[in-house]
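Just so it is clear, none of the values below were taken in a lab; they were calculated from the coordinates. If you're wondering where the values come from, they're calculated on a predicted model, not measured in any experiment. Every residue, glycine as well, gets a Cβ built from its backbone with ideal geometry; the counts of neighbours run over all protein chains shown.
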């Protein structure tokens, strides 16, 4: 089964899967009960126009095509989760959540139950097998387009059924050229960005509508009130702009958002060095394929904390925190601007070893916990 | 081999209708032109209109060609609604919840854009809208309206709170397009006519399956009736609204004043000719076809029950065993001879549709589709089914080309599809919330 969003990547991936000898059926996921009719701007992937684009690509490839309604699961597992995470002061990644719970969970399960062997997507990533036949997830050949980060949530079983025909492609330009040569109308369709269920890209505005905004205090790291905000959700850790405080910092330097505290509805600001994170831990983690033989022994790795961030050297260890297993990652140099709720993906070379949702961080300059 | 069990969506064109269409397209001439070629085209058009009128038990002048069933329904609902506002405000529309989207979206648009107030008529468990339910909706909507104490409305209507006098029209599907349930339109027409309320009948899915005598229907209060050509073996792109001389509607489309000024635009002679050939064929064979299709339908229902005992028939049961919702029904109810509609518990309709499609059998989940994006059936919801029941539904519809072999092929493919779809279950939704 080929998941077809209506974009150029999934269309080319489906075509390549056919040429690789697979018997392919295209499926477009309806993720909203009330889809927009046409694309507005460059963003978004969930309008009826997008489903028509996917259908026309399937027509040209010559494969059957169906639209399956996953709107209920998507709302529950991705959209509601996104709201709840923000409301709790964390910064979630809805694309990872979608991969974890929709595409490679609900959709893959349904596909396997209906007799399919695997799921083809247009992700830029590579699945290989080690000497023992275990599946491994690796970065794509084109690092600029690499999407292995958002696939870090996949487990060994999911990887065994995942087919990424674009993984070895050197560039997006090549995919577009191939799409044009194949006669796909989507060859020059703009890439989708950001969050598909927020088509105008205004995440802050969307959150404000979805959760509401309550004015509260902006405080510095020792709890001194510096000003007021119109809603804590409008801020994200590491943000510099839009901190509207009357009192300049003593040293005259810029202030950054250090923490968002939903319980007290306060936003903590301070100097940039206070953003430096020296350690992060998470109890929600998974291994992408075979786990390391001795994860409780600290090992060298690289950690990536955003889809488009650079990986940085780190040491990773499986520890125990309050009796629960916890993955602890210590970057060699502190990482600036990191929020709980984000996903840290652990790499060894090009291989994705696993991932965790960051529950806690240790700052180089600790911020006072003031209620 | 491909088996087509989706005749309710569209049915294969009659070969003679295709021939007539192709021949008529070679004729040059706008039927509104005065010269001989125009007159020739006009003659073909009017002969077609006469033949179609005959199949509907209507006078030719009463047949207004449209682009199809959807336009006919829009013209009836909006045109009647607007016309009924001319002297006094009559904002209310009586409408059952299980109507086709052509109706639902039209009345909802009228509510949004033209201050219409919708009084929803409840369906019974078999999918019928009854005359009693129309009267209940008339009174309840009236009470709800009174409670809002809308003084401006009372003044505007000038007639106080008479529920009938504030009602623009009622509308009803003769035979439900999803579950095939036939509603008692004569009774509904009578009770509304007694209160001065015009009734539009959506006969798109009934046409070709039930005999239509519009003159008799008009006598018991039916003011307009919509049909479509492609449901009876004619081409897509033409339908008709049957509109008595005495019923006035405000047109949707303005222009050259064709067709009693009700529907302007150059008339499509070839489509009308083809429509007429198909309509006459279907009217002439209707009695025998109804018996033949009812036999196939009953074999289909019995076959489904034999291989999937858990399957629940939605709508009236022509065989006699209990069907869900039957307890709410005191008297006998009927369904189209061409329709069977089942809920397969624990299955997603689109999983079944996919698996049967792979096996070469074309069926429908029976629900409205917007660019192929499925929604749970609003008809089953209106019949009181849970959303889960509404999702595991398949519509199987028969037509002129259906054979016993089609039924056998479906019954052969069903058990495997059912087992596999049951395994897939409801992966795509949260079942913990029912």
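General remarks:
- Sorting B:104-115, A:147-158 by their mean Cβ neighbour count within 10 Å, with the most densely packed peptide first, gives A:147-158, B:104-115.
- Dimensions of chain A based on its C-alpha atoms, expressed as ranges along the principal axes with the largest first, amount to 66, 50, 35 Å.
- Gyration tensor over alpha-carbon atoms, the range A:2-182, equivalent ellipsoid semi-axes in Å: 23, 21, 17
- Within 10 Å of the Cβ of each residue in A:66-78, the mean number of Cβ atoms contributed by other protein chains is 5.
- Average projection, convex hull of the Cα set of the range A:114-164: 3.9 square nanometres.
- Using a simple spin-label model with pseudo-atoms 7 Å out from Cα toward Cβ, residue A:249 and residue B:113 lie 5.7 nm apart.
- In this simple spin-label model, placing a label point 7 Å from the Cα along the Cα-to-Cβ direction at both residue A:263 and residue A:132 gives a separation of 4.4 nm.
- Taking the number of Cβ atoms within 10 Å of each Cβ as an exposure proxy, the fewest-first ranking of B:93, A:218 is A:218, B:93.
- The helix-based estimate of mean residue ellipticity at 222 nm for chain A, built from -39,500 (n - 2.57) per DSSP H run of four or more residues and divided by its residue count, is -5500 deg cm²/dmol to the nearest 500.
- The gain in end-to-end length when the residue B:419 to residue B:27 segment is fully stretched comes to 135.6 nm, 0.36 nm per residue minus the alpha carbon separation.
- Over chain B: helical MRE at 222 nm, DSSP H runs n ≥ 4 each giving -39500 (n - 2.57), nearest 500: -13000 deg cm²/dmol
- Peptides B:411-420, B:70-79 ordered by packing proxy, namely the average of other Cβ atoms within 10 Å per residue, highest first: B:70-79, B:411-420.
- Inter-chain Cβ neighbour count for A:110-123, averaged per residue, equals 3 (cutoff 10 Å, partner chain atoms only).
- Share, in percent, of DSSP beta bridges within chain A that are antiparallel, nearest 5: 80
- Averaging the sequence gap over all C-alpha pairs within less than 8 Å and six or more residues apart, then dividing by the number of residues, gives the range A:276-363 a relative contact order of 43 percent.
- The mean number of partner chain beta-carbon atoms within 10 angstrom of a residue's beta-carbon across peptide A:48-54 is 2.
- If both residues of a DSSP beta bridge must be in chain B, then about 50% of such bridges are antiparallel.
- Among beta bridges that DSSP assigns inside the protein assembly as shown, antiparallel share in %, nearest 5: 70
- Estimated FRET transfer efficiency (residue B:40, residue B:236; beta-carbon r; R0 25 Å; 0.05): 0.45
- Counted over all Cα-Cα pairs of the range A:276-363, pairs farther apart than 19 Å make up 27 percent.
- Zone residues, the range A:156-195, relative to residue A:290, backbone N less than 16 Å from point 7 Å out along Cα-to-Cβ: A:156-157, A:159-160
- With all pairs of separate Cα atoms included, the protein assembly as shown yields a Kirkwood hydrodynamic radius of 30.3 Å.
- Ratio of Rg to Rh over the range B:12-62 (Cα coordinates, Kirkwood Rh, two decimals): 1.04
- If you wrap the Cα atoms of the range A:213-270 in a convex hull and average its projected area over all directions, you get 3.5 nm².
- FRET efficiency, 1/(1 + (r/R0)^6) with R0 56 Å, evaluated for residue B:250 and residue A:81 via beta carbons: 0.65
- Multiplying the residue separation of residue B:404 and residue B:132 by 0.36 nm and removing their Cα-Cα distance gives an extension gain of 94.0 nm.
- Each peptide in A:317-326, A:92-101 receives the mean, over its residues, of other Cβ atoms within 10 Å, and ordering these scores from highest gives A:92-101, A:317-326.
- Residue with peak Gaussian network fluctuation, chain B [Cα springs, cutoff 10 Å], from B:246, B:103, B:167: B:246
- Theoretical FRET efficiency, 1/(1+(r/R0)^6), r = Cβ-Cβ of residue A:307 and residue A:336, R0 22 Å, to 0.05: 0.85
- Between residue A:240 and residue A:171, the modelled labels are 3.1 nm apart [label points 7 Å from Cα along Cα→Cβ].
- Put in line by how crowded their Cβ is, counting other Cβ atoms within 10 Å and starting with the fewest, B:197, A:336, A:48 read A:336, A:48, B:197.
- Cβ-to-Cβ counts within 10 Å put A:172, A:189 in ascending order as A:172, A:189, the fewest first.
- Helix A:8-19 axis, angle to chain A major axis (alpha carbon atoms, nearest 10°): 40
- With N counted as the residues of chain B, its alpha-carbon radius of gyration over 2.2 N^0.38 Å works out to 1.01.
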